[in-house]
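Trainee: Take a look at this one; I'll ask things after.
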Amino acid sequence: MTGRVRRAGAFALVGSLSLAAPFLGPAAFVPFAAVGLLAALVIDGGPVFDLFARPGDHEDRTLYGLAGFSLAATGLALLVVVGFPPELFAGTVCLLAGGNLLQQTVVARRTDDLASAVGFVAGGFLAGTAAQLLVTPFSLGVEPASAAFLAACGALIASLLRSVLYQRDDPLVLLSVGLVLWVIADLGIETTPLEIAAAIAVTALLGYVSYALGTASIPGMVTGMLLALVTIVLGGYGWFVLLIAFFAIGGLSSKFQYERKRARGVAEDNEGARGSGNVLGNSAVALVAVLGYAATPDPLAVSPDLFFFAFAGAVATAMADTLSSEIGGVYDGPRLVTTGERVPPGTDGAVTWQGELAGFAGALIVAGPALLLFDAITPVGAVLIALGGVAGMTADSLLGATVENRWLDNQGVNFLATLVGAAVAVSLAVLGGLF
């Protein structure tokens, strides 16, 4: 057993203190506060220090890692007083500790990044689910299916945060995951173990295929898996079809004549594999729409269909913009959308008629399945979704020509464009009296 595995096991043992939360009630923070104070002020040597010490701890003879982890757990435990569910507290702490333990165990045998990410997500999912179910008989409780869904979401969120932050920022990861899961749990998830199992299986398959085909980096894969899981469980498989259409077709389009696009300076970096920023930039608005849909009709006194139009308009925009850029980028004669003047390929805000045509087709690729899969979507509704996608694609070009690389990066432009697409689709549907 390597030193890292032993250390991860010791942290997991400390994390198991969270299982006492239902018995301690408002005093659930006490064990972690005590450990944090011992780590920060008392333990400065000996076998216990050597067990928990990370490389940077030796210089100052202080267990910064253990102190940070324990004090973050203390902060999360204090929220139990104001309604944070004890089972969710235990699940969050054990999720992070268990995920790190399995990750370090896997890394001791395999050093590739994919194995490391899979180890963390799998360990976090298993530990987070088990902790919630162990605590449930002594608290208000959580259904097994909901426990598995929350643990899966938490493991993916934690993995994503650890990939974009310094990995030892466990306190920030712990607090962030706990707060996000509290919001999701408050939506009142109603599902069955079979539905959750199917959703997790589909999500895992999506992640593997996207990575194997080179359409997503590991952070991009994890982000896509999280979005897919939330969409399936909170929206349904019809919503997922629209999202997966974008992931699949948009991802493969980045491979279209990739060498030619790279030579022209218009290709995606990393061999076309999309990272977490790209995935979130294109999908954040859709994710908010799914969460809004799950929150209706209470506390929001609005029609759930409003959120579907926002979701479909955002996805249609992402699809239209991606196909317009990836296909239009291989053709000559691009013109600046604001002035019509010819500009070099790769200029922000430049368009070609071939790219615009591909963008129109992309919007229809989303609107068509929406018409077929949802009884509430009429032919008029499908047209409005497509118009939202085209409007968002046009907004992306205008923003690219005016503010991109001045005040916004590409991810920011994508986010605003999908927001425009969602807003236009919803506005047209409201004006058309569809709900």
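The values are calculated or read from the model by the stated rules, or taken from the named source; none is laboratory data. In this text, all values refer to a predicted model and were calculated from it rather than measured experimentally. So basically every Cβ, Gly included, is an ideal-geometry build from the backbone, and we count neighbours across all protein chains shown. Areas reflect the complete protein model, heavy atoms only, side chains present, ligands, DNA and RNA absent. Shrake-Rupley method; radii C 1.70, N 1.55, O 1.52, S 1.80 Å.
Trainee: Has the range 348-357 got at least one residue that is closer than 30 Å to Gly433 by Cα and of a type outside the set (Asp, Glu)?
Mentor: yes
Trainee: Further, regarding this structure: Just the residues that are touching a Pro at 6+ places or on another chain (Cβ under 9 Å) and not hydroxyl-bearing (Ser, Thr, Tyr), please, taken from the range 348-375.
Mentor: Within the range 348-375, Ala350, Val351, Gly355, Leu371 qualify.
Trainee: For residues that are in a helix (DSSP H, G or I), aliphatic (A, V, I, L, M) and closer than 17 Å to Leu174 by Cβ, scanning just the range 21-35, find the one that is least open to solvent (accessible area, probe 1.4 Å).
Mentor: Among residues in the range 21-35 that are in a helix (DSSP H, G or I), aliphatic (A, V, I, L, M) and closer than 17 Å to Leu174 by Cβ, the one least open to solvent (accessible area, probe 1.4 Å) is Ala21.
Trainee: Looking at Gly178, Gly214 in this structure, which one is open to solvent by less than 40 Å² (accessible area, probe 1.4 Å), small (Gly, Ala, Ser) and over 18 Å from Gly128 (Cα atoms)?
Mentor: That would be Gly214, the only listed residue that is open to solvent by less than 40 Å² (accessible area, probe 1.4 Å), small (Gly, Ala, Ser) and over 18 Å from Gly128 (Cα atoms).
Trainee: Here is a further query. Conditions first: (1) open to solvent by less than 30 Å² (accessible area, probe 1.4 Å); (2) modelled with pLDDT of 90 or more. Val222 passes all but one, so which condition is the exception?
Mentor: Of everything listed in (1) open to solvent by less than 30 Å² (accessible area, probe 1.4 Å); (2) modelled with pLDDT of 90 or more, Val222 misses just condition (2).
Trainee: Continuing with this model, one more query. Working only within the range 113-157, note down all residues that are open to solvent by 50 Å² or more (accessible area, probe 1.4 Å) and farther than 14 Å from Cys94 by Cα.
Mentor: Asp113, Val118, Pro137, Phe138, Leu140, Glu143, Pro144
Trainee: Only one of these conditions is not met by Val107: (1) buried (at least 24 other Cβ atoms within 10 Å of the Cβ); (2) farther than 26 Å from Ile232 by Cα; (3) not polar (S, T, N, Q). Which number is it?
Mentor: (1)
Trainee: Oh, and also: Within the range 364-383, how many residues are part of a helix (DSSP H, G or I) and open to solvent by 20 Å² or more (accessible area, probe 1.4 Å)?
Mentor: 10
Trainee: Please specify each residue of the range 58-67 satisfying the condition of being part of a helix (DSSP H, G or I) and crowded, with 20+ Cβ neighbours inside 10 Å.
Mentor: Matches in the range 58-67: Gly65, Leu66, Ala67.
Trainee: Need the failing condition index for Leu13 against (1) open to solvent by 20 Å² or more (accessible area, probe 1.4 Å); (2) under 19 Å from Leu150 (Cα atoms); (3) modelled with pLDDT of 90 or more, just the number.
Mentor: Unmet for Leu13, out of (1) open to solvent by 20 Å² or more (accessible area, probe 1.4 Å); (2) under 19 Å from Leu150 (Cα atoms); (3) modelled with pLDDT of 90 or more: (2).
Trainee: Let me ask something else. If you check Ala90, Ala53, which single one turns out to be farther than 30 Å from Tyr211 by Cβ, modelled with pLDDT under 95, buried (at least 17 other Cβ atoms within 10 Å of the Cβ) and not β-branched (Val, Ile, Thr)?
Mentor: None of the other options fit; the residue is Ala53.
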